[in-house]
């Protein structure tokens, strides 16, 4: 919350600028993917996407020039980092696991629990300039950042092409606009399961087909929160306007027997102060889930098999240490987390289905890769 309040003035710089003509953009839509919603003041263009790609991979965007956005969002891991908790440019650990950026264009809120960040342009300000914790560590260095970018010869043409109507395109709002456009271009819709839904009956195994049926059954209840083309319950796209963010408590903790979560990591409760919001976090997409371990908002579940254990038990039991508690008895837990039983074959089937959501094309697409290499 301190970061959100501290950045209010900066966010206004991004939110209040006038729009620009739409020069058109060819979305790389996969099977069944709709057209994302885009802010009127930041229409998609190929030029902005390309500038954003360069910025995304550029360590100049950290205070000490040691990290880029890609340090915590690696393409081969569906733009996560494979760590339990992300580490900022100064070595400070964050409290959260790095979220996948796959299909972030369809999200209605950003980060694990902040209901106030409703567009990517504003969200960019937190990793760039946030200080609690420090991520890229540029707070107070806005002018330094712009000068660094001016000094790179490649950026002169990239900024001019992305923002041709600006007398001086080297501005902080343009940096965040370009980054947002690149992230919106990170569309994943060519997994084996997508191809199966598109008519290729041999795209996935018989085990994965059985797993899909289990996933969408009332027995497991997975589909209530991981629904639709993005396996996520809070999405928006053309024809479907955004709704208020949806957050859930899955019974991951119950420290005091009254629903408690670790201090400083209580989810939506951090912003609302409402007791029943304790432990409520945003539902992540399951696309590419097999390559985005570890799991949950704090990376405290190491494998997909352990994720199944958690939900099968109706919540996690921690038997010792400061976080000990019976998560299945958490009074704020979602009513969909009721527990279930799986045979060994059923467990293997569900895991096969989740593995079929991996889009190898997305993980290796050179159009999304580091342009500085």
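Quick rundown of the values:
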{"item": "Theoretical FRET efficiency, 1/(1+(r/R0)^6), r = Cβ-Cβ of residue 160 and residue 303, R0 51 Å, to 0.05", "result": "0.60"}
{"item": "Principal-axis tilt of helix 142-151 within the chain, Cα atoms, nearest 10 degrees", "result": "70 degrees"}
{"item": "Cα gyration tensor of the stretch 192-360 - equivalent ellipsoid semi-axes, whole Å, descending", "result": "29, 20, 13"}
{"item": "Ellipticity estimate at 222 nm from DSSP helix runs (n ≥ 4, -39,500 (n - 2.57)) divided over the chain, nearest 500", "result": "-8000 deg cm²/dmol"}
{"item": "Angle in degrees between helix 206-215 and the longest Cα principal axis of the chain, rounded to the nearest 10", "result": "90 degrees"}
{"item": "Tail weight of P(r) past 26 Å, computed on alpha-carbon pairs of the chain, percent", "result": "52 percent"}
{"item": "With Cα atoms, 0 to 90° folded angle of helix 172-184 axis to the chain main axis", "result": "40 degrees"}
{"item": "Projected label distance in nm at residue 132 and residue 41, using a 7 Å step from Cα toward the beta-carbon", "result": "2.6 nm"}
{"item": "Gain in span if fully extended, residue 116 to residue 274, counting 0.36 nm per residue against the direct Cα distance", "result": "55.3 nm"}
{"item": "Efficiency of FRET between residue 369 and residue 148 - r from beta-carbon atoms, R0 22 angstrom, step 0.05", "result": "0.50"}
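Every read-out reported here was derived from the displayed coordinates using simple, explicitly stated rules and does not represent laboratory data. Here the structure is a predicted model, which means the values were calculated and not measured. Heads up, the Cβs are rebuilt from the backbone with ideal geometry, glycines too, and the neighbour counts pull from every protein chain shown.
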